[in-house]
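Scroll down for the structure; my scribbles are underneath it.
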Amino acid sequence: MVPNLKAEALRYGNLAQLCYDAFDGKSYSKNYGTCYHSKRDLFNKMGMSESGYQVTKYVYANTNLLNQVFGEKPKDQGVWLGFIAVCTDPNEIRRLGRRDIVIAWRGTQTAEEWIEDLRDILVPTRLSYRCKRTGKNQEHHFADGVLIERGFLSCYTSTVRHRQGAAGATVNISTRDLVVSEIERLIQVYEKEMDNLSIRFTGHSLGAALATLSAYDIKQMLCTKHNFHQIPVTVFAFASPRVGNLAFAKRVEEIGVKVLRFVNKRDLVPKVPGVCMNENVGCLSKLLHWLPWTYFHVGVELPLHNNSPFIQHTHNLAYFHNLELYLHLLDGYVGSKQPFSWSGRDHALVNKSCDLLREKYEIPPKWWQEQNKGLVKGPDGKWTQPSEEE
């Protein structure tokens, strides 16, 4: 694997992992479903102050849907599902050769539960954009046969009650509209740099599915509404389930979205939905592509294997889905038939939320947690949980 590509993939993988680390998923927390930190402080407080990026928007999802389909606890307001950030550091822009916009999506914390309950039905996307040339809404997705797994599409398009600012005012807006409007705003801000803009999507598990879907949506919007064909759109997808049908896979390629999928061979999630009818059954799947349960993966797959000397043998299949394990295996990846070659990524990260490292490395299992579990000692000597940061 080209070292520069590996370094970039690890960088975007770290941004996807950040979405897990910064999420308050404790059911007893009064701030459940939020990010631990404000947009201003996210990178600094999560140890990524030198990333060169500035968060411009937080993304939220409908909690009723996340509860029904993906097993997350419901919440009155939307649940934090990731962020949009833009590269603002001159040195990083110079290194990249572009001003990069990144959209990072959080996955769910209980993937082994929701993969059994996927709605497993493909439905038309029916997304539309107002064409700049004609001034009319163009709903071209349904006409070209593009179908998306119903649960992923619902998560992306369902309306969420979103709180805006410290005043606490709420508006009803879909996750999709949050993303599209912010990307359009950033494009307008950096309009003079149009030829040097790029948009990157990253995510793990459900987050990878949403990254793929939103990248497709944004690229369609750029081409249809603004005629900005020159802006490259790329997806770094870790442990992604299948998202859509053959027409979706073809359309993603046609419009120029580059998708790189990282797959742990022993992970079950990339094998669903479409366990029986998928791209691996050859001509039969293409003949029956019109069925509402025939799925196709998109982009280029990079299979990772569990031959790391750091990893112990386990029968816990859920561990094979762990994002930190993916990043560890990617760090040591050289080629499909090459032995693991550790490149220096801290192996202790593997045990953040699981128990996979060999005992000789003396790293405790599931060691990652917020300091003092989020409690702060006040002037009166009492420990309390502070309010959500704005």
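In this label model, residue 253 and residue 271 are separated by 2.5 nm, measuring between points 7 Å along each Cα→Cβ vector. Would you mind checking 39/373; 6/192; 219/352; 26/219; 30/377; 57/192 for any pair whose Cα atoms are more than 25 angstrom apart? Beyond 25 Å: 6/192; 219/352; 26/219. Modelled spin-label separation between residue 228 and residue 191, with each label point placed 7 Å from Cα along the Cα-to-Cβ direction: 1.1 nm. Modelled this way, with points 7 Å down the Cα-to-C-beta line, the labels at residue 317 and residue 5 are 3.0 nm from one another.
Note on region 234-390: Cα convex hull, mean projected area over all directions, 14.5 nm².
Taken together, the values in this text are just the output of simple stated rules run on the coordinates, not laboratory data. Here the structure is a predicted model, which is why all the values come from computation and not from measurement. Cβ: placed from backbone, ideal geometry, glycine included. Neighbour counts: every protein chain shown.
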